[in-house]
Every structure is written in C-alpha cells, then in structure tokens.
Amino acid sequence: MLWRGWCKLMRALGFKRLDGYILKKFLTTYIFLIVIIIVIAIIFDFNEKIDKITGTGATWQEIVFDYYANFVPYFANMFSPLFVFIGVIFFTTNLASHSEIIAMKSAGMSFRRLLVPYMIGASMVAVLTFGLGGWVIPKGNVQRLAFENKHIKKRQMVDVAENVQMQVDTGVVAYISFFDNRTKTGSGFSLDRLKEKKVVDHLTAETIQYDTLADHKYSWTLINYKMLKQKGTRDIITEGQKMDSTIIMEPKDFFYTYGQQETMTISELNYFIDRQRLRGSAGLENFEVEYHKRFASPFAAFILTLIGVSLSSQKRKGGMGASIGIGLALTFAYILFQSVSSTFAINAGWPPYLAVWLPNIIYFFIAAWYYKRTPQ
C-alpha cells in the first residue's frame, strides 16, 4: 500500500512507471545488500568476540539490546553510501546485460533522464543517512560503547584529571591542580580574569566542589577561598571559608573518553567544538573529523551513484564480471582513502574538513569523467 501510494505521487509529479521500476530495483537491492552484509558482519563479529563477551559475565539481554541492537544501525549507516554503490553496480549491470537499458535508450530516453530515478533513490538514502547519523544513532552509541569498554576492550574509566587549564569565558581562565570525578571535588583551584593581557581579578580556593543537585549547570562551591580584586590603584582582598559561585565549566569538560565524539549529535558536536576552542583546548581533531563526516557521508551517496550508473549502464564484452570487478575495486579504494585521509587529519595536522571531504572531491571528478564518457 505504501509503495503504491508513493508511485501514485511520483506519477502525479511527472514520473513514469519506468522510473518507479528503477527506483524500486534501486531500493530493494540496497536493502537486500545491507541485510546480507550485516548478517555476515554480526556472525564474524560474534565469533571473534564471543570469548571476551561471555568471559566478562555479559548477559544475553546486554549482548542483544545494548550491543547488537546499536551495532546494526551504526554499521549500516556508516557504510550506507558504499552499499548504495555496490547495489547500483549490481542491478544496473543486470539491466544492461538483459539489454533493458538499450531498449530504454531506443525509446528516446537519454542517459541524463535515466539518472533521475537513481538520484531520487540516492536522495532518499542521503536524507535517511543524515538523519540517523546526525541525531538517532549517537544516542544508541552511548550503550554500544559502554558495552565495548566494559566487556570487550576492558577500558578503565578515567576518574582523575591533573593540571587542567581552560578558558571558561572571554578573558577568564580557570586552573585546577587535581580533580576527582567520582567525588566531583578538586583542589588547587584558581580563576583569573584578564583585561588587555593583565590580571585584574584573581580568585583561588583550596577545594572546589561541583554541585550536582543545583537547579542549573555550572554551580560550584569554593572552600577556603581568597579573592583579589583591583580597583583603581588599590587591591581589595576578600577571604572566606565557603562561597557558592557560577563558573562556566562542568566536570565532563576535564575528560575526553574513547569514542566520545560518536555519542554526540551534530548540534552537540558543534557546541562542544566551539566551546573547547574558546577554552584553548587541544586534541579536537577526532571531534572535528566526526563532525564533517556527518555531512560528507550523505553527499557520497550521490557521487557513488553517478559513478555506479555510468560504469555499469553499458553492455560489456566481459559481462557483469568486469563492471562488478571495477566497482568493487573503486569501493575498497574509497574506504581505504577515507581511512587514510582521516588519519592525516588526526596525526599529520591536515585540516579536518579537507581530510574528510577529499575522498568525495576526488571521486566527484572520477564521477564526472565516467559521466562524460558514457554515451548520452
């Protein structure tokens, strides 16, 4: 019923039955490949990790719902553009081998017109990929990564931070000598307010405690504090045993956890990166790479679809094998290129946006070359 309603809508917008036929083939092949590859991935993943999972006392409920229920959409969405590419290669090569594309062109359909249902399918996949990767999957990654850290990789949570310095607001720099995240308590705290590169206010405290029960964030209690304020040519010193204060920082700002960027939505990533830049924090490359990947991945669906159709729409002497072989080679090269370029951003100082978008840029020119050489 849903598909029929969709087809009626497409025909009302000027699309023909042939467009619906191609779009249906596009989506069914894409879904079929995702299901097959994910089933294989789950089998291999479980066989590889069964000893670690069962040896740490994980229950079947945790394995199924905390790990694999979140592993499946994460894996599928990450490689979604590549599933599109392989799917387009497979079913378009099949159409060409049965001379169906020749019949379409003989009826007056140009190659550009043939691309329309393909691009509609790519648009649907891109929108779904963007929505899931941007907001839905990061929430599930919280459970998946927690399970991995506890049962598979056995990473210990870092609960102590030392010598933390950050800019908490414009011209305001905070320093904590030691902070224990379990008790939310720190020692050796100082807060400096600068004006024209000179310290005008200086606040210190022996102990600082984060108030987890406060009505708003950023609520801290300073114990044995001392405040020095400049007023004209005089220094005014205030001391006390306890003072409640609002400081724009939270305990989570002192710690980077493994895979933390995968648990953030697009808006959370953007806010986190801007905030950490303000504070002068280093080591944000993983977060910036992840942020740009959320946008680059959906666009890849259009580029890889164009390559796939251009590559496989002609009947070749070698049959399906030649097109599929070239398509798979391009697919693995794209995956390798993505991994290498992301590594350059993290370890070699490349701009993260360039490292993430470079595979798409290069493959765009490959797509343009294949499109140009395809008979129109």
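The values are calculated or read from the model by the stated rules, or taken from the named source; none is laboratory data. Remember, it's a predicted structure, so these values are computed and weren't measured experimentally. Because the Cβ atoms are built from the backbone with ideal geometry, glycine has one as well, and the counts that use them run over all protein chains shown.
List of remarks:
- Residue ID - nearest to residue 299 (Cα to Cα), chosen from residues in region 125-184 that are over 28 Å from the mean Cα position of the chain (by Cα) and hydroxyl-bearing (Ser, Thr, Tyr): 170
- Residue in region 170-186 that is basic (Lys, Arg), touching a helix residue (DSSP H, G or I) at 6+ places or on another chain (Cβ under 7 Å), assigned to a loop (DSSP other than H, G, I, E, B) and not assigned by TED's automatic domain parsing to the domain that holds residue 78 present: yes
- Residues (farther than 21 Å from residue 25 by Cβ and either without any contact (Cβ under 8 Å) to a residue 60 or more places away in the chain or assigned to a loop (DSSP other than H, G, I, E, B) (or both)) located in region 279-324: 279, 280, 281, 282, 283, 284, 287, 290, 317, 318
- Residue that is nearest to residue 308 (Cα to Cα), among those in region 102-133 that are crowded, with 21+ Cβ neighbours inside 10 Å and out of contact with any Pro (no Cβ under 7 Å at 6 or more places or on another chain): 118
- Qualifying positions in region 325-348 - over 19 Å from residue 87 (Cα atoms) and either touching a residue at least 12 places away in the same chain (Cβ under 8 Å) or within 20 Å of the chain's Cα centre (by Cα) (or both): 336, 337, 338, 339, 340, 341, 342, 343, 344, 345, 346, 347
- Taken together, 280, 232 contain a single residue that is at positive phi and within 30 Å of the chain's Cα centre (by Cα), which is 280.
- Check on residue 304, within 30 Å of residue 103 (Cα to Cα) and modelled with pLDDT of 90 or more: yes
- Within region 193-208, the set of residues being surrounded by 10 or more Cβ atoms within 10 Å (Cβ to Cβ) and under 39 Å from the mean Cα position of the chain (by Cα) comprises 193, 194, 195, 207, 208.
- Any hit, region 63-75, residues being of a type outside the set (Lys, Arg), surrounded by fewer than 14 Cβ atoms within 10 Å (Cβ to Cβ) and farther than 29 Å from residue 299 by Cβ: yes
- Conditions (1) loosely packed, with under 13 Cβ neighbours inside 10 Å; (2) under 30 Å from residue 119 (Cα atoms): number failed by residue 264: (1)
- Residues in region 98-137 that are of a type in the set (S, T, N, Q) and either outside any loop (DSSP other than H, G, I, E, B) or not assigned by TED's automatic domain parsing to the domain that holds residue 82 (or both): 106, 123, 129.
- Hits in region 154-193 - residues which are among the charged types (D, E, K, R) and touching a residue at least 40 places away in the same chain (Cβ under 8 Å): 154, 155, 169, 184
- Among the residues listed as 90, 83, the single one being outside any strand (DSSP E or B), without any contact (Cβ under 8 Å) to a residue 60 or more places away in the chain and surrounded by 20 or more Cβ atoms within 10 Å (Cβ to Cβ): 83
- Checking each residue in region 182-226 for being of a type in the set (D, E, K, R) and under 15 Å from residue 165 (Cα atoms) picks out 192, 193.
- Verdict on residue 293 being of a type outside the set (Ser, Thr, Tyr), at pLDDT 90 or above and out of contact with any Lys or Arg (no Cβ under 8 Å at 6 or more places or on another chain): yes
- Output for region 245-299, where each listed residue is farther than 27 Å from residue 186 by Cβ and among the aliphatic types (A, V, I, L, M): 266, 289, 296
- Of the residues examined, residue 343 is not one that is surrounded by 15 or more Cβ atoms within 10 Å (Cβ to Cβ), out of contact with any strand residue (DSSP E or B) (no Cβ under 8 Å at 6 or more places or on another chain) and of a type in the set (S, T, N, Q).
- Residue list for region 209-238, filter: exposed (fewer than 11 other Cβ atoms within 10 Å of the Cβ) and of a type outside the set (A, V, I, L, M): 212, 215, 216, 231, 232, 233, 234, 235
- The C-beta contact set for region 111-140 (first residue charged (D, E, K, R), second residue in a helix (DSSP H, G or I), distance under 8 angstrom, 6+ apart or interchain) comprises 139/263.
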